Each structure stands twice: as structure tokens, then as C-alpha cells.
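Right, one structure below, let's go through it.
The values are calculated or read from the model by the stated rules, or taken from the named source; none is laboratory data. Since the structure is predicted, the reported quantities are computational estimates derived from the model, not experimental observations. FYI the Cβ positions are ideal-geometry reconstructions off the backbone, even for glycines, and counts take in every protein chain you see. With ligands, DNA and RNA removed, areas are computed over all heavy atoms of the protein, side chains included. Shrake-Rupley method; radii C 1.70, N 1.55, O 1.52, S 1.80 Å.
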Amino acid sequence: MPTVLLIGSGAREHALARTLLQGTPELQLHAAPGNPGIASEGAVMHSISVTDAHAVSELALRINADLVVIGPEVPLMHGVADAVRAANIACFGPDAAAAAIEGSKAFAKDVMTAANVPTAHAYVCSTIEETQAALDAVAAPGVPFVVKEDGLAAGKGVVVTPNRDAALAHARTCIDGGSSVLIEEYLDGPEVSLFFVCDGTNVRALIPAADFKRAFDNDEGPNTGGMGAYAPLRWVPDDLAEHVKETVAQPTIDELARRGTPFIGVLYAGLALTSRGVKVIEFNARFGDPETQVVLALLETALYEVLLSAARGELEALPELQWRSGNAVVVVLAAHGYPGTPRTGDAISGDLESRENSWVLHAGTAMRDDALVTSGGRVLSCVGVGPDLETARERAYERAASMAFDGAFARGDIALGAVSGSGR
Ligand code: AMP
Ligand code: GLY
């Protein structure tokens, strides 16, 4: 019986837990720190600090894990994968040096330039004077400014604005806080998230998904970690995944290997389908949240086999991935205040029962005196699947409507443009 230790506590990790167990029912699942949803799947829970590399590798040794799967970026940056591999345990997740592809936007640009990967031109600035010069250099009539903090910011460090003063103000906040900033060329065109499972050398594409990053309907409000997603995408070219594998993922993995930092885990390519071709907006070193909730809903191949093959450097021998024919939509229920400081401790009620066509994944939830309460910004992921996108969407929204907590909010337009044929 294989034993897996899953690191993380979000809805992405709940989706990973669920999909691992569905594909390999005899699997012994352990989670740290996990969440009440992961516990309800039957996982053994461990309350350790997941940024403590030593504590994680000790735990993995103690439970005799065959595989450690690291969900979030923060443990990766802390070298948790390095420590697990050093303990001779297979690990799905890159070493800290390779995870810098997400942790440092400047490093990511450097790798992309070396690998000839199409991306937005960027200026790295560490002073206000450099920032002003860069803003002048990219300024064009009717084209927004893009200002990014160079570091981990949970999707919230980016400001896209037509207003030069607002762009400069964001840069000033970052620089005053000790970060440098990137001033980037604006990329037009719809965004696509595409995940590649990598074993250091070989690369397998998962299916493209669309994520909704802004907090409110019509892509208004601040950037968030993601308020909803759907897959597959009927409006992208059939060969998109293959094309991006050849032009983006494989050259990036090759370049990281050449630098002595092979990448084992998910390379997440955030792409813009621009009028001048597909370009990389950003890389992440992990599964995306909430896209994972829909991509894994459609995966038929046993996830454990996929992740273990990658962790062992044996992806080449893995048969082609199999996908279900349907559609999946996820709607995120967020807490009052998100993406700023969310209010916590609100009682959660509703239908948590998993059914074949819809289910609820936990993220910011906790048990308090036997009651389920909110404990974070993105609280629940409500997933619906169906033979067509419209049905999947209805099921996800029905589930979302069945859940309640004070201050809950969701976007009402997840997958709506694709259903009505009017857009993304
Ligand atoms: P990131 O954290 O780099 O994914 O950026 C968050 C969001 O900001 C992206 O999903 C895009 O919507 C937007 N964004 C980032 N970079 C650019 C760019 N160069 N051009 C246009 N939009 C961008
Ligand atoms: N959904 C965006 C992310 O995971 O970064």
C-alpha cells in the first residue's frame, strides 16, 4: 500500500487528496497541516510547520512515505523538497533553486531570455528613478502600465493600470518595502493557465484552464489568488498545449537542467494569447489554485502514478494521460475583506456532501468547538462537472448557493463568457 504525505492546506490540496484517493483507493494519505476537508477524505493529519524542511523530512521518514507531494510555493522556497530528496524519499515539487522560477520574477525573466521563451519585455528597477525611466520607456497611448513586485505576493503584487501615478505609487510601496519591481510590456489577449508535470528532463502537459483573477464580476476589483476557473477551453487552438510545450515548457526545463537546477514538479505557465502569439505572463512552481480543482476533476489516469513517475525521473515511460470527456467549473466562495485582510471565525453551513456531479473543497476552513468556521480568504471551492460547460457551471453555482457564511462573496460570471460565446 503506497503512503503519500501531502503538504498544504488549501482547496488545491483538497483536490489533490481527493484525486489521489480516487485513482488509488488503497493509498494511505497523510497531510500536513491539511484542512477539515482533507481530514474528511480519511487522511491522517499532522500539525507541523510546513516551512520547517527538517520537520517535514522527519515526518516523511517516520511514516515511511513513498512520495511527498508539496502543494504551495512557500515550503518549496524554504527548501522542503531539497530536504525530502536528501532523505532519499521521492518528492513531487522542485528544489528551492528551481522554485525560484516563481519566487523571483527577475530570475524567471533571465531563464526565459536564455531559453528564448516568448514573454513580455521587462525592466527590473530598484530605485524610483529607474522606475520613472522604465515607465517612460514603456508608455504608449491607450496601453496600461504593468508593475510587479519581485517576490512572492500570492497573486496580489501586480498592478495593471492606465494611471502613471498609480503605477509609480505601487512601485514606491514595493521599493520602500525592500523589493525591487518589474515594469513590463503590457500583453493583450485572453489568459490561459497551462500546467506541465516535469521530472527534471521530460515534460507532460495537462489540459489548459481559464482562471478569473480579479475579485469582482467583469474583471473588476483587485487581483486575487483566483476566484474561479473552468476547463477545458473550447476557444483555444487544439495544438495549444503541444505548441506551448515545445516553445515554452521544454526549453525552460532544459535551461534549468543546464544550470544544474533540474525542475521536478509542476511548471505552471500563465500565458497570454496575444495578437503576436503566445507569451508567458508568469511561471509558478506548483499547481495553480483554483485551476487544479477543475483540471484534476477531468483527469482519468491515476494521479499517484503521474506524480510518482515525475518524482522518480521516469515520466518518459508513463502512458499518455487519459482525460474524461466532460467539463468542470469551480466557483470560489471568499470571505469578507478578501483579498485584503479577511474576516475569520464565521460559522459555515450548507451541503458538504460529495456527489458525482458536484462537490465542495475546503480552503480557509477550521473546526472550532465541533463547528466549521471560516479561517482564511478563499474559504470554499464549489466544483461542478457536466457533459457541457453550461451544465457544469449550473452545478457549481447550485453548490455555491447551497453554502453560507456571513460576508461570503463569489463572482457571478465564472465561465459565463465561454457559455454564451461572448468571450473567455
Ligand atoms: P502575475 O502575478 O504575474 O500572474 O500577474 C497577475 C495578473 O496581472 C495576471 O494574471 C494578468 O492578468 C496581469 N498581468 C501580469 N502581467 C501582465 C502583462 N505583462 N500584461 C498584461 N497583464 C498582465
Ligand atoms: N490561480 C493562480 C495561481 O495559482 O497562482
(message) Between 141, 319, 72, where does the largest GNM mean-square fluctuation fall for the chain, given springs only between Cα atoms within less than 10 Å?
(response) 141
(request) Leaving ligands, DNA and RNA out of it, report the carbon-plus-sulfur percent of the accessible area of the stretch 1-152 at a 1.4 Å probe. (result) 51 percent
(message) Need one number: nm distance between label points at residue 127 and residue 173, each 7 Å from Cα along Cα→Cβ, rounded to one decimal.
(response) 2.4 nm
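Give me the percent relative contact order of the chain, please, defined on Cα pairs under 8 angstrom at least 6 residues apart.
In percent, rounded to a whole number, it is 16.
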(request) Report the residue, chosen from 26, 13, 305, that carries the largest GNM mean-square fluctuation when the chain is represented by alpha-carbon nodes joined by springs under 10 Å. (result) 26
(request) Return P(r) of the stretch 1-124 (all Cα-Cα pairs; 5 Å bins starting at 0; whole %; ordered from short to long distances). (result) 2, 12, 21, 20, 16, 11, 8, 7, 4, 1, 0
(request) Starting from 0 in steps of 10 Å, tell me what percent of the Cα-Cα pairs of the chain lands in each bin. (result) 5, 23, 33, 28, 11, 1, 0
(message) Largest first and in whole Å, what are the equivalent-ellipsoid semi-axes of the stretch 202-320 based on the Cα gyration tensor, each being the root of 5 times an eigenvalue?
(response) 25, 17, 15
(message) Looking at the chain as a GNM with Cα springs under 10 Å, which of 181, 159, 68 has the largest mean-square fluctuation?
(response) 159
(message) Given Cβ point charges of +1 (Lys, Arg) and -1 (Asp, Glu) and nothing else, what value in debye, to the nearest 20, does the dipole of the chain about its Cα centre take?
(response) 200 debye
(message) Tell me the accessible surface of residue 172 in square angstrom (1.4 angstrom probe, heavy atoms of protein chains only), to the nearest ten.
(response) 110 Å²
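Could you calculate the contour length gain from residue 188 to residue 45, that is, 0.36 nm times the residue separation minus the distance between their Cα atoms, to one decimal place in nm?
Full extension of this stretch gives 47.1 nm more.
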(message) Quick check on packing: order 409-415, 365-371 by the mean number of other C-beta atoms within 10 Å, highest mean leading.
(response) 409-415, 365-371
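For the chain, what is the percent of antiparallel DSSP beta bridges, rounded to the nearest 5? Intermediate results must be reported in sequence, preceding the final value.
Working: 61 of 77 bridges.
The antiparallel fraction comes to roughly 80 percent.
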(message) Quick check: at a probe of 1.4 Å, how many percent of the accessible area of the stretch 372-416 sits on carbon and sulfur atoms?
(response) 48 percent
(message) Amide H of residue 92 versus every other amide H placed in the peptide plane: which residues, excluding those fewer than 5 positions away on the same chain, fall under 5 Å?
(response) 68, 69, 70
(message) Using a 1.4 Å probe on the protein heavy atoms only, what accessible surface does residue 70 show? Give it in Å² to the nearest 10.
(response) 10 Å²
(message) Spelling out what I want: for every residue of the stretch 382-394, take phi, set θ = phi - 60°, compute 6.51 cos²θ - 1.76 cosθ + 1.60 (Karplus), and round to whole Hz; glycine and proline get x.
(response) 9, 10, x, 10, x, x, 10, 5, 4, 5, 4, 5, 4
(message) Tell me which of 253, 422, 48 sits at the most positive position along the dipole axis of the chain, charges placed on C-beta atoms (Lys, Arg +1; Asp, Glu -1).
(response) 48
(request) With no solvent and one equal point scatterer placed on each C-alpha of the stretch 177-237, evaluate the Debye formula and give log10 I(q)/I(0) for q = 0.12, 0.22 Å⁻¹, two decimals. (result) -0.47, -1.06
(request) Grab the eigenvalues of the alpha-carbon gyration tensor for the stretch 283-335, scale each by 5, take roots, and send me the semi-axes largest first in whole angstrom. (result) 24, 16, 8
(request) Roll a 1.4 Å probe over the protein heavy atoms and report the accessible area of residue 355 in Å², nearest 10. (result) 110 Å²
(request) Over the stretch 264-327, with every protein chain in place, what whole percent of the accessible area is carbon and sulfur at 1.4 Å, could you tell me? (result) 43 percent
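Just the number please: accessible area per residue for the chain, 1.4 Å probe, all protein chains included, in Å².
On a per-residue basis, the chain sits at 39 Å².
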